[in-house]
Amino acid sequence: MIIVLKPEATAKEIKHIKAELKAKKLTPHDLPGMMRTVIAAVGDTAKIDEAWVMAFPGVEKVERIQKPYKLVARETTKEPTLIKVGKEVIGGDKICVMAGPCSVESVQSLLDVAKEIKKTGAKFLRGGAYKPRTSPYAFQGHGEEGLKFLDEVRSATGMPIVTELMDPRDTEVVERYADVIQIGTRNMQNFSLLKEVGKTRKPVLLKRGLAATIKEFLMSAEYIMSEGNHQVIFCERGIRTFETYTRNTLDLSAVPILKKESHLPVIIDPSHAVGRRDLVAPMAMAAVAAGADGLMIEVHMDPEKAWSDGEQTLNPAAFAELMKALKPIAKAVGRTI
Ligand code: PEP
Ligand code: MN
């Protein structure tokens, strides 16, 4: 339920309304409003009568949100959400590119690739310190040490970092180092993990589950927002289908659907979607044409020697070429990159 307050509503009136909502076991969330205060009352609103809310001094309008995702819904927040990280903005006119290796390997390899991709337009450095691997015998990531490597490279390059959190027990340490916390595909419906990141104050990059519907994806974002963290970025990274030529099937229709259904930014990870280096560029270009707010691309100095996902990883030269190719596409859809 959305409660729009009158421009002249006093702080005392707003406090009173919130207290009354809480007494009915609803959680009030402040929503960004240009001119006036808007509150989303979330919880079991079925038994709440609109007239009861309208009777409070200061209330101008009450609207019900029909969708099961409330805070995520476009109806709740009409303006697109902009996520600000340092001087970077995700969701604005400028397409935001996140790039870097699949796994954090060493400070030197991370620094080398970060310098290269920064030169050609990447704004965020990605890299996993906690790696979700299919085999328990494969490299699992350096853990906290890897986060320290990322921190060192952030200091050297000024690039904010995106890194994955896999286990709720690591939330505190990952929150301390990350600029954006990534929730990987395998954890999209790990509800306790979603609640944990919902309590942090760092933006969350939520990857679509391997076999999740768009509705389930939207509901997972709702889990994060319902805990008070409204800085969520959707990341489509391909879904499982019967197709075997690609690692997954990139569902590009998710971009316009998510942008229609929600006010949150949407980015595309073509690397994990296709699993093949030769298809990363065409899918990245298609993503920008489809209206994505950003891209996440795996880049390594020497993809053949990457500790994970080398076959889908670009080298800096291929990344530079792609960045160049993206410029006219971004321009054609009224964006910059
Ligand atoms: C990753 O981005 O490092 C990753 C493991 O991706 P996904 O969760 O999409 O497989
Ligand atoms: Mn990877």
What do you reckon, is Ala273 within 16 Å of ligand 1 (Cβ to nearest atom), over 27 Å from Phe191 (Cβ atoms), buried (at least 23 other Cβ atoms within 10 Å of the Cβ) and at pLDDT 95 or above?
no
Check Lys115, Lys123, Lys119 and return the single one that is more than 16 Å from ligand 2 (Cβ to nearest atom) and in contact with a strand residue (DSSP E or B) (Cβ under 6 Å, 6 or more places away or on another chain).
Lys123
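Please work out if Ile233 is touching a strand residue (DSSP E or B) at 6+ places or on another chain (Cβ under 6 Å), farther than 13 Å from Val72 by Cα and not small (Gly, Ala, Ser).
The answer is no for Ile233.
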Somewhere in region 74-96, is a residue over 19 Å from Val162 (Cα atoms) and crowded, with 21+ Cβ neighbours inside 10 Å?
yes
When only residues in region 276-287 that are in contact (Cβ under 8 Å) with a residue 40 or more places away in the chain and surrounded by fewer than 24 Cβ atoms within 10 Å (Cβ to Cβ) count, which is nearest to Gly141 (Cα to Cα)?
Arg277
Positions within region 104-137 being out of contact with any helix residue (DSSP H, G or I) (no Cβ under 8 Å at 6 or more places or on another chain) and within 18 Å of Asp167 (Cα to Cα), in sequence order
Lys131, Arg133, Thr134, Ser135, Pro136
If you go through region 154-163 one residue at a time, do you hit one that is within 14 Å of ligand 1 (Cβ to nearest atom), out of contact with any His (no Cβ under 9 Å at 6 or more places or on another chain) and in contact (Cβ under 8 Å) with a residue 60 or more places away in the chain?
yes
Kindly evaluate Lys195 against the criterion of being modelled with pLDDT of 95 or more, within 18 Å of the chain's Cα centre (by Cα), charged (D, E, K, R) and within 17 Å of Lys84 (Cα to Cα).
no
State whether one or more residues within region 269-282 are touching a Phe, Trp or Tyr at 6+ places or on another chain (Cβ under 9 Å) and charged (D, E, K, R).
yes
Is it true that Glu261 is more than 17 Å from Ala292 (Cα to Cα) and of a type in the set (Asp, Glu)?
no
Checked Leu205, Leu250 against criteria (under 24 Å from Ala289 (Cα atoms) and in contact with a Gly (Cβ under 8 Å, 6 or more places away or on another chain)); the one match is Leu250
Determine which member of the set Ser135, Ser109, Ser103 is within 11 Å of ligand 1 (Cβ to nearest atom) and either assigned by TED's automatic domain parsing to the domain that holds Gly291 or under 24 Å from Leu326 (Cα atoms) (or both).
Ser103
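Search region 198-212 for residues being more than 23 Å from Arg133 (Cα to Cα) and more than 13 Å from the chain's Cα centre (by Cα), and hand back the single one that is nearest to ligand 2 (Cβ to nearest atom).
If we filter region 198-212 for residues that are more than 23 Å from Arg133 (Cα to Cα), which is where we start, we get 198-203.
Checking which are more than 13 Å from the chain's Cα centre (by Cα) leaves us with 199-201.
Numbers: Lys199: 27, Thr200: 23, Arg201: 26 Å.
Of everything passing the filter in region 198-212, Thr200 is nearest to ligand 2 (Cβ to nearest atom).
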Looking only at region 11-34, count every residue that is under 16 Å from Asp49 (Cα atoms) and among the small types (Gly, Ala, Ser) and tell me the total.
1
Test each condition in (1) surrounded by 15 or more Cβ atoms within 10 Å (Cβ to Cβ); (2) within 25 Å of Val280 (Cβ to Cβ); (3) of a type outside the set (Gly, Ala, Ser); (4) in contact with a Phe, Trp or Tyr (Cβ under 7 Å, 6 or more places away or on another chain) for Phe139 and report the one that comes out false.
(1)
Single residue of Asp309, Asp302, Asp269 found to be among the charged types (D, E, K, R) and free of Cβ contacts under 8 Å to residues at least 24 places away in the same chain
Asp302
State yes or no: is Lys15 free of Cβ contacts under 8 Å to residues at least 40 places away in the same chain and part of a strand (DSSP E or B)?
no
Within region 186-219, how many residues turn out to be of a type outside the set (A, V, I, L, M, F, W, C), assigned to a helix (DSSP H, G or I) and in contact with a strand residue (DSSP E or B) (Cβ under 6 Å, 6 or more places away or on another chain)?
0
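The values are calculated or read from the model by the stated rules, or taken from the named source; none is laboratory data. The structure presented is a predicted model; accordingly, all values stated were derived computationally and were not measured. Counting neighbours? That spans all protein chains shown, and the Cβs are built from the backbone with ideal geometry, glycine included.
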